[in-house]
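The values are calculated or read from the model by the stated rules, or taken from the named source; none is laboratory data. Treat the numbers as computed from the prediction; the structure is a model and nothing was measured. Positions of Cβ are generated from backbone atoms using ideal geometry, with glycine treated the same way; all protein chains shown enter the neighbour counts. Accessible surface is based on the protein model in full, side chains and every heavy atom, while ligands, DNA and RNA are left aside. Shrake-Rupley method; radii C 1.70, N 1.55, O 1.52, S 1.80 Å.
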Amino acid sequence: LLIRGTGRTDFQNGSARAQYDSIFNRLLKLPEETMVFPAHDYKGDTVSTIGEEKRYNPRLQVKSIDDYVELMNNLNLPSPKLMDVVVPANMHVGLHQDELAKEGLSLNTRDAIASLGRPDVLLVDLR
């Protein structure tokens, strides 16, 4: 979920159906005052809320998963610059979940659920 948009689903194994599930069945069920910080900021927007995105995000104004898939499949966006360099790099960057766990930087599902609401714990789902 981005401010007034959503991530692309047309490359790097993207799935509009999986994205819909993540956004509509997880993120948009959070309290409306939950703050949203974009992963990509190209317009100077730095923060929004779930409530604002529900009201003003054009990609969220759909009536069904099929409408969302159709919308995402027909964006006809140009390929990002250096895509042939970035995608392979993204596939090999970062630490594997097991490595994060060894360093104490990861929570299992039970611990993550127990940590909900704690201001010192940030839970991120990067599926």
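Could you check how many residues of the range 98-118 are loosely packed, with under 10 Cβ neighbours inside 10 Å and of a type in the set (Gly, Ala, Ser)?
Total satisfying the criteria: 2.
Taking the residues in the range 78-96 that are surrounded by 10 or more Cβ atoms within 10 Å (Cβ to Cβ) and within 28 Å of Asn25 (Cβ to Cβ) as candidates, determine which candidate is modelled with the highest pLDDT.
Selected residue: Pro80.
Looking only at the range 9-23, how many residues end up being at pLDDT 90 or above and closer than 21 Å to Leu77 by Cβ?
Of the residues in the range 9-23, the ones at pLDDT 90 or above are 9, 15-23.
Subsequent filtering for residues that are closer than 21 Å to Leu77 by Cβ retains 9, 15-20, 22-23.
The number of residues fulfilling the criteria is 9.
What number of residues within the range 53-67 are acidic (Asp, Glu), open to solvent by 40 Å² or more (accessible area, probe 1.4 Å) and within 16 Å of the chain's Cα centre (by Cα)? Outline the logic, then answer.
Initial filter on the range 53-67 (acidic (Asp, Glu)): 53, 66-67.
Right, trim to open to solvent by 40 Å² or more (accessible area, probe 1.4 Å) and you get 66-67.
Filter once more, so that each one left must be within 16 Å of the chain's Cα centre (by Cα): none.
Summing the residues that are acidic (Asp, Glu), open to solvent by 40 Å² or more (accessible area, probe 1.4 Å) and within 16 Å of the chain's Cα centre (by Cα) in the range 53-67 gives 0.
Of the residues that make up the range 16-25, is at least one assigned to a loop (DSSP other than H, G, I, E, B) and either surrounded by 15 or more Cβ atoms within 10 Å (Cβ to Cβ) or of a type outside the set (D, E, K, R) (or both)? Steps first, answer last, please.
Step one: list which residues in the range 16-25 are assigned to a loop (DSSP other than H, G, I, E, B), which gives none.
No: the range 16-25 contains no residue that is assigned to a loop (DSSP other than H, G, I, E, B) and either surrounded by 15 or more Cβ atoms within 10 Å (Cβ to Cβ) or of a type outside the set (D, E, K, R) (or both).
Step by step: first the residues of the range 1-13, then only those that are open to solvent by 40 Å² or more (accessible area, probe 1.4 Å) and either within 13 Å of Tyr68 (Cβ to Cβ) or of a type in the set (D, E, K, R) (or both), then the one that is nearest to the chain's Cα centre (by Cα). Which residue is that? It would help to see each step written out before you state the result.
Within the range 1-13, the subset open to solvent by 40 Å² or more (accessible area, probe 1.4 Å) is 1, 4, 8, 10-13.
Applying the additional criterion that residues be either within 13 Å of Tyr68 (Cβ to Cβ) or of a type in the set (D, E, K, R) (or both) yields 1, 4, 8, 10.
Values: Leu1: 4, Arg4: 13, Arg8: 10, Asp10: 14 Å.
Looking at the filtered set, the residue picked out is Leu1.
List every residue pair whose Cβ atoms lie under 7 Å apart, where the two residues are 6 or more positions apart in sequence or sit on different chains, the first residue falls within the range 31-50 and is more than 19 Å from Arg118 (Cα to Cα) and open to solvent by less than 90 Å² (accessible area, probe 1.4 Å), and the second residue, located anywhere, is aliphatic (A, V, I, L, M) and part of a loop (DSSP other than H, G, I, E, B).
So the pair list comes out as Pro38/Ile3; Asp45/Ile3; Ser48/Ile3.
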